[in-house]
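Here is the structure we will look at, set down as structure tokens.
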Amino acid sequence: MNRVIVFDLDDTLYLERDYVLSGFVAVGDWLLAEHGKTGFAAAAWRRFKAGQRGTIFDASLAELGVSPWPGLVAGLVDVYRRHVPYIALQRDAAAWLSAPPRGTALALLTDGPVASQSRKIAALGLDRAGLSPLVLSDEWGSEYRKPHDRGFRHIQDACGVAGRDCVYVGDNAAKDFVAPRRLGWRTVQIVRPGAIHAGPPATADHAADAVIASFAELTGVLQFDFA
Ligand SMILES: [Mg+2]
């Protein structure tokens, strides 16, 4: 193995909006079973699709006529994060991961609550797909989320390679590419229809070396620095 291809998770290998919907359904099921309240998932999903963020749980409860008692919203967030998600790899990602180029090792670096990210990894079968290491930056603390470089350096050390032998594939120009660029990695941005964090890079340091629309293009752009 002389190069390591490292993947982001959300909106890179699967669509994060599918996880959000799956979580709202799990919370709705819980509210129905525990408190006889219907309609949460539909209300929350409508707000999410309208672009609302941060206050969806409170606003959706209000819409259902529920005045949250102490601990309710925190409990619902816990149900959301701990639910077994109904999500699937994007078809192009599944195809690429099943037959990566020879001489490449695969790894994963993702931010977010460990309870959520670990269940996503299991639901997508990534714990059985030959990616190693699988790095959840929140296991060290949320202060180590990208753009912190700890996860990238950890993977270099774990794989025994230099930065120039590594590639990071992610979707979010706001945080995915700054640190690996500084470490000498190559970077690839995948821009998927339906991804949540769309938007151009804020500076040249935030931009990826290559931008692709599908993993069908990935092996082609990986040639750029291994010629
Ligand atoms: Mg992402």
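The values are calculated or read from the model by the stated rules, or taken from the named source; none is laboratory data. Keep in mind that this is a model prediction, so the values were computed, not measured. Virtual Cβ from ideal backbone geometry, glycine too; neighbours counted across all protein chains shown.
Suppose the filter is more than 16 Å from the ligand (Cβ to nearest atom), not basic (Lys, Arg) and not in a helix (DSSP H, G or I); does Gly28 pass it? No: the conditions fail for Gly28. Per this entry, Phe24 is counted among residues that are surrounded by 19 or more Cβ atoms within 10 Å (Cβ to Cβ) and either more than 24 Å from the chain's Cα centre (by Cα) or not assigned by TED's automatic domain parsing to the domain that holds His197 (or both). When the residues of the range 99-124 are filtered to those that are at pLDDT 95 or above and hydroxyl-bearing (Ser, Thr, Tyr), the one that is nearest to Leu21 (Cα to Cα) is Ser116.
Report, by residue number, each residue of the range 157-174 that is closer than 22 Å to Ser142 by Cβ and either in contact (Cβ under 8 Å) with a residue 40 or more places away in the chain or away from the ligand (no atom under 11 Å from the Cβ) (or both). It would help to see each step written out before you state the result.
In the first step, residues of the range 157-174 are kept if they are closer than 22 Å to Ser142 by Cβ; the result is 157-158, 168, 170-174.
Passing the criteria: Asp157, Ala158, Tyr168, Gly170, Asp171, Asn172.
Screening Arg53 on (1) surrounded by fewer than 17 Cβ atoms within 10 Å (Cβ to Cβ); (2) within 16 Å of the ligand (Cβ to nearest atom); (3) part of a helix (DSSP H, G or I) shows it passes everything except condition (3). No other residue among Pro201, Pro147 is farther than 24 Å from Ala94 by Cα, under 16 Å from the mean Cα position of the chain (by Cα) and in contact (Cβ under 8 Å) with a residue 24 or more places away in the chain apart from Pro147. Restricting attention to the range 186-206, does a residue exist that is surrounded by fewer than 17 Cβ atoms within 10 Å (Cβ to Cβ) and in contact with a Gly (Cβ under 8 Å, 6 or more places away or on another chain)? No, because not a single residue in the range 186-206 is surrounded by fewer than 17 Cβ atoms within 10 Å (Cβ to Cβ) and in contact with a Gly (Cβ under 8 Å, 6 or more places away or on another chain).
Tell me whether the range 73-89 contains one or more residues that are among the acidic types (Asp, Glu) and more than 30 Å from Ile121 (Cβ to Cβ). Let's see the steps before the verdict.
Filtering the range 73-89 for residues among the acidic types (Asp, Glu) gives 78.
Pick out the ones that are also more than 30 Å from Ile121 (Cβ to Cβ) and you get none.
Checked the range 73-89: no residue is among the acidic types (Asp, Glu) and more than 30 Å from Ile121 (Cβ to Cβ).
If a residue counts only when it is of a type in the set (A, V, I, L, M), which helices (runs of 4 or more DSSP H) contained entirely in the range 116-227 have at least 3 such residues?
218-222
Restricting attention to the range 91-112, the residues that are farther than 22 Å from Gly160 by Cα and either within 17 Å of the chain's Cα centre (by Cα) or within 16 Å of the ligand (Cβ to nearest atom) (or both) add up to 6.
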